[in-house]
1. Please report Rg (one decimal) and Dmax (integer) in Å for the Cα set of segment 18-148.
2. Once label points are set 7 Å from the Cα along Cα→Cβ at both residue 280 and residue 257, what is their separation, rounded to one decimal in nm?
3. State whether segment 393-435 is rounded, prolate or oblate according to the following rule on the C-alpha gyration tensor (a ≥ b ≥ c being the square roots of its eigenvalues): a/c under 1.5 gives rounded; otherwise a/b larger than b/c gives prolate, and the remaining case gives oblate.
4. Based on the alpha-carbon set only, what is the convex hull volume of segment 55-109 divided per residue, in Å³?
5. How far, in degrees from 0 to 90, does helix 31-47 lean away from the longest principal axis of the Cα atoms of the chain, to the nearest 10?
6. Applying 1/(1 + (r/R0)^6) with R0 = 35 Å to the Cβ-Cβ distance of residue 377 and residue 43, what FRET efficiency is obtained, to the nearest 0.05?
7. Using the eigenvalues of the Cα gyration tensor, what equivalent ellipsoid semi-axes result for the chain when each is taken as the square root of five times the eigenvalue, whole Å, largest first?
8. Going 7 Å from the Cα of residue 127 in the Cα-to-Cβ direction, what parts of segment 186-228 have a backbone nitrogen less than 16 Å from that spot?
Amino acid sequence: MLRIFLFALGIALASPARAATEIELWHAMQGSAGAELDALVRRFNASQREVRVKAVYQGGYDQTYSRALAAHFERKGPHLVQVVEAGNASLLAWRGAVKPAWEVLAEAGVKVNGADLVPAVASYFSDGSGRLLALPLNAATPILYYNKDAFRRAGLDAERPPRTWYEMVRTLGALIDSGMGCGYATAWPAWVLLENMSLWHNQEFATHGNGVGGADARFAFNTHLMMRFIAMLSSWSKAGYFTYTGRGEEAEVRFAAGECGMLTTSSAAQERIARSAKFAIGASHLPYYDDVPGAPQNTVPGGAGLWVFGGKKPAEYRAVAKFFSFMLQPEEQARWHQRTGYLPVSRQAYEISRKAGFYREHPGQEIALRQLAAAPTQDSRGIRLGDYRWIRAILDEELEAVWAQSRTPKDALDRAVERGNERLQRFESTYRAAR
């Protein structure tokens, strides 16, 4: 009997353990955010033995997207790829390239409580029925930052930043009169001034629910309100109240150097700005027009989500679902939120962070979540338009013509809509022919 037992034990010990299912995640995150993603993957891998995730940095967003898509069509692509939100429509246009996240989770029996998701964060990465197409990863939304020390020097209340665009005028006048050379500047002008200001006021940016309802959507942001808004900024530019600094993060550098009194940029920029600034930084919500019915509505996030590529094995999709389930845990969402400055997709993660006192030190993060708390309307949904990463350059170019006084706000917005729609029509024709 003992020999039989030892023989059986020997067979068991000699049998190889079942290998873990390996999935690859291709991403574009560097620096501290990339380190946090690596740490998240290590925690998941250490938490169980069935799945092993391998995170691979592939370069910037464009490089990661193009490499992943090329590898997919060669049937050797990654299981997960980080795609910037402006590329969502382009990725979806490739039939069979992706498998919706909600489907992957449902097939594995993982239930996602929609009521626990931050509405406008989840909506940007969801279909028309509210089902998650991708898992939001590094989401942020624009808010207002201001120099509290400069406010005090100008005789302003440092605890009462302007809430509306009307209140901005008096504040900017006081800052300029106190000797500041730059009252207000913005990073990412197309994203902040056109996209978010349209949706913040519940104004249609593009038809068919900003593109979510169909690939034949067309731009419609040349509304009376937006013309009025850009005309106001044009007059501020002439008066020295508004300073154009560039299409990217240039305004953040000017603000951190103490040159500008107020700044609109990403909610994820607070730590980066604070490391350079030698003054107290205040944060507030994005200004709005209080005479527009229904405003403020909701802003929208920028950033990227994790998309699941198609054509994989059932066991691999179950592994992806297990990883997504881990990432969606409130504790993991809260940790990611607090360590990276990116917004959580989980309301419970907000509560965990609030109870831990996180927002006392990082008020801008709570402000950002409040801006995204309202359920999006048909007109304030996330923007999903083909070739949108390239169309943003058109919008920036037309805004630059306004700041240079070479084009009127009306002409610039009309031209931006016309040129953007030409690009959308070419995109639609190209992908229809490819299918």
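1. 16.2, 59
2. Using points 7 Å along Cα→Cβ, the separation is 2.5 nm.
3. prolate
4. Working: hull volume 5.4 nm³, N = 55.
Spread over its residues, the Cα hull of segment 55-109 gives 98 Å³ apiece.
5. 30
6. Working: r = 37 Å, r/R0 = 1.07.
Efficiency, rounded to the nearest 0.05: 0.40.
7. Semi-axes from the Cα gyration tensor: 43, 26, 18 Å.
8. 212-215
Every number in this text was worked out from the coordinates using simple rules, so none of it is lab data. Model, not experiment: these values are computed from the prediction. Cβ coordinates were reconstructed from backbone atoms using ideal geometry, including for glycine residues, and neighbour counts include every protein chain displayed.
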